[in-house]
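Every read-out reported here was derived from the displayed coordinates using simple, explicitly stated rules and does not represent laboratory data. Everything quoted here is computed from the prediction, not taken from an experiment. Here the Cβ positions follow ideal geometry from the backbone for every residue, glycine too, while neighbour counts run over all protein chains shown.
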Amino acid sequence: MQAEVANGSTTVEERVRLFLDEARRQKDLNCFITLFEEKALEQARHVDRKIRAGEATGRLAGLVLAVKDNIVIKDTPTTCGSKILNRFDSPYTATVVERLMAEDAVILGKTNMDEFAMGSSNENSAFGPVKNPHNNQYVPGGSSGGSAVAVAAGLADAALGSDTGGSIRQPASFTGTYGIKPGYGRVSRYGLVAFGSSLDQIGVFASTPAITARVLEVISGHDPRDSTSARVEVPSYSEAITPDMKGMRIGIPGEYFQKGLDPHIEKSVRALINEMEKAGATTVPVSLPMTEYAIAIYYIIATAEASSNLSRFDGVRYGLRADEARDLGDMYARTRSEGFGEEVKRRIMLGTYVLSAGYYDAYYNKAMKVRRLLKESFDAAFGQCDLILSPTTPTTAFKLGEKTDDPLSMYLQDIYTVSANLAGLSAISIPAGKDERGLPFGIQAQAPSFNEQVLFNCAQFIHNLKLI
């Protein structure tokens with residue numbers, strides 16, 4: 001694609017117009033909240049002028065990206081999929097977006113999402129549910145469902161999402177795209193609206209490992225505006241990708257292959273592991289005994305952090321403000337009651353509860369201790385292997401509305417993904433096949449923090465098998 005742009009076979013402006021036309025044609029998927037039609041065309045013309053003039057262009061010249069609507073861009077709406085941010089335009093731009101634009105990427109628009117990134121189906125958005133392009137009766141996964149669908153439906157070359165407990169990898173699995181959550185601290189969170197600050201990480205969706213790698217290397221690196229971003233060198237992931245599996249030690253966690261896993265997914269994942277062994281990898285059984293506690297730990301810590309982070313949305317400084325309030329306290333209560341959706345309210349109340357006097361030690365403090373044990377179990381496992389392979393999700397996508405009245409069943413969709421956030425690991429979902437209904441599913445590879453290269457190598461090997 002970049003070669004075609006460079007040799008004049010097409011232009012960046014032509015590509016943007018095609019994407020805009022396709023986004024309008026497939027508007028029923030509801031994956032975009034805002035399209036930047038004029039701004040995107042203006043960016044495209046700027047890149048085209050540089051190419052015609054023979055000037056040096058950035059590493060992403062010609063690529064068209066979508067951005068999840070909890071990542072801010074100056075003078076454009078940021079809604080986080082919520083009514084409470086109605087009519088809010090950001091006064092600044094996130095570091096990741098600055099880095100994309102510095103490398104000549106074109107930003108097409110902001111994508112739909114579960115409200116404040118809280119959900120596993122993209123049905124919690126104030127702007128309506130996103131639909132799976134493989135079958136629009138099914139969910140695309142969440143909370144970054146809009147970004148996943150933008151890539152899966154051919155409406156963008158790549159997209160940014162955020163992952164707090166699986167919000168990139170789960171929708172990547174459901175839509176048949178590549179979705180990576182880098183190690184905690186690899187990518188700046190400056191300009192990402194916070195949900196769970198010790199868990200959130202920005203990552204990438206794309207249709208190939210190479211594009212995923214190229215975008216990640218551009219947005220990664222230390223940022224002095226984010227105290228949690230790591231001072232760790234960023235490799236040239238895309239140039240170093242190799243499908244060579246010789247000598248790779250693959251950990252197989254027994255805890256991820258138990259009751260509740262779709263038999264077809266299990267069979268496919270084990271067949272993939274067998275292909276890797278044929279290519280020279282060795283498998284090692286590993287134990288992750290804290291897995292059974294991962295969902296409980298996650299929903300205590302994540303909701304506690306959400307309760308604190310979302311306290312800033314009160315109707316005073318920006319966004320929605322309730323009418324006819326009697327006094328300040330009543331204005332707070334009315335604004336938050338009217339502005340937040342049911343799932344966000346549920347998580348704020350749960351988080352406030354576990355942080356309250358008399359319950360902090362029983363729940364939050366205990367969860368933090370078990371989180372440390374979970375991290376130690378991964379450290380021990382990675383002493384025996386280079387990466388850990390498992391299904392990304394226990395099932396393929398479920399129908400719209402199927403789980404909305406059963407929050408616990410919805411939360412269990414993240415059983416294989418939350419541990420990577422709790423332990424700060426690098427993790428990727430790789431398309432691995434489809435079920436009998438034509439719905440995709442993924443295989444998840446996890447590696448120690450900042451070792452994303454081994455994940456891309458694994459992804460390239462599986463990509464070359466052409467399973468989907």
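For the listed residue pairs LYS259/LYS366; LYS345/LYS366; LYS74/LYS403, the alpha carbons are over 30 angstrom apart in LYS74/LYS403. Segment 199-238 and segment 325-364 have Cα centres lying 33 Å from one another.
Summarising the amide proton neighbourhood of GLY433: residues at separation of 5 or more, or on other chains, whose placed amide H is nearer than 5 Å comprise PHE441.
Of all DSSP beta bridges in the chain, what percent run antiparallel (nearest 5)? Provide the component values of the computation, followed by the final result.
Values: 31 of 46 bridges.
Taking every DSSP beta bridge within the chain, about 65 percent pair in antiparallel fashion.
Roughly how many Å is it from the Cα centre of segment 438-453 to that of segment 16-62, as a whole number? That distance is 29 Å.
Between LYS39 and SER236, how high is the FRET efficiency from 1/(1 + (r/R0)^6) when r is the Cβ-Cβ distance and R₀ = 41 Å? Nearest 0.05.
0.85
Longer than 28 Å from Cα to Cα, which of LYS27/LYS83; LYS110/LYS181; LYS267/LYS466; LYS39/LYS68; LYS50/LYS181 are they? Say none if no pair is. Beyond 28 Å between Cα atoms: LYS50/LYS181.
If a spin label sat at a point 7 angstrom from the Cα of LYS278 along the line to its beta carbon, the backbone N atoms of segment 451-468 nearer than 14 Å would be those of 462, 464-467. Close amide H partners of THR34, meaning residues 5 or more places away or on another chain with modelled amide H under 5 Å apart, are LYS110.
What the phi angles of segment 310-325 give under the Karplus curve with 6.51, -1.76 and 1.60, with θ = phi - 60°, is a coupling list of 7, 5, 6, 8, 10, x, 8, 9, 6, x, 5, 9, 5, 7, 6, 6 Hz, glycine and proline written as x. For the chain, the Kirkwood radius over C-alpha pairs fed into Stokes-Einstein at 10 °C and 1.306 mPa s yields D = 72 µm² per second. Treating r as the C-beta distance of ALA362 and LEU408 and R0 as 25 Å, the FRET efficiency rounds to 0.80.
With θ taken as phi - 60° and the Karplus curve 6.51 cos²θ - 1.76 cosθ + 1.60 applied, the whole-hertz 3J(HN,Hα) list for segment 390-395 is 6, x, 7, 9, x, 9 Hz, x standing for glycine and proline. Once you reduce segment 289-321 and segment 390-418 to the center of their Cα atoms, the two points are 19 Å from each other.
Tell me, what is the percent relative contact order of the chain, built from C-alpha pairs under 8 Å that lie six or more residues apart?
Details: 1114 pairs, mean separation 81.9, N = 468.
Computed over the chain, the figure is 17 percent.
Each semi-axis of the equivalent ellipsoid for segment 18-85 is √(5λ) with λ an eigenvalue of the Cα gyration tensor; in descending order they amount to 27, 15, 10 Å. In plain terms, the chain from ASP330 to ASP262 could stretch by 19.6 nm, reckoned as 0.36 nm per residue minus the Cα-Cα distance.
If you stretched the chain out fully between THR228 and GLU436, how much longer would it get, using 0.36 nm times the residue separation minus the C-alpha to C-alpha distance? Provide the component values of the computation, followed by the final result.
Working: separation 208, 0.36 × 208 = 74.88 nm, distance 4.34 nm.
Contour length minus Cα-Cα distance gives 70.5 nm.
Extension gain for ASN86-ASP244 works out to 51.9 nm (0.36 nm per residue, less the C-alpha to C-alpha distance). Near the amide H of GLY203, within less than 5 Å, lie the amide hydrogens of GLY161, SER162, ASP163, all on another chain or at least 5 residues away, with H placed in the peptide plane.
Whole-Hz Karplus values for segment 136-149 come out as 6, 8, 10, 6, x, x, x, 8, 8, x, x, 5, 4, 5 Hz, taken residue by residue from phi with 6.51 cos²θ - 1.76 cosθ + 1.60 and θ = phi - 60°; glycine and proline positions read x.
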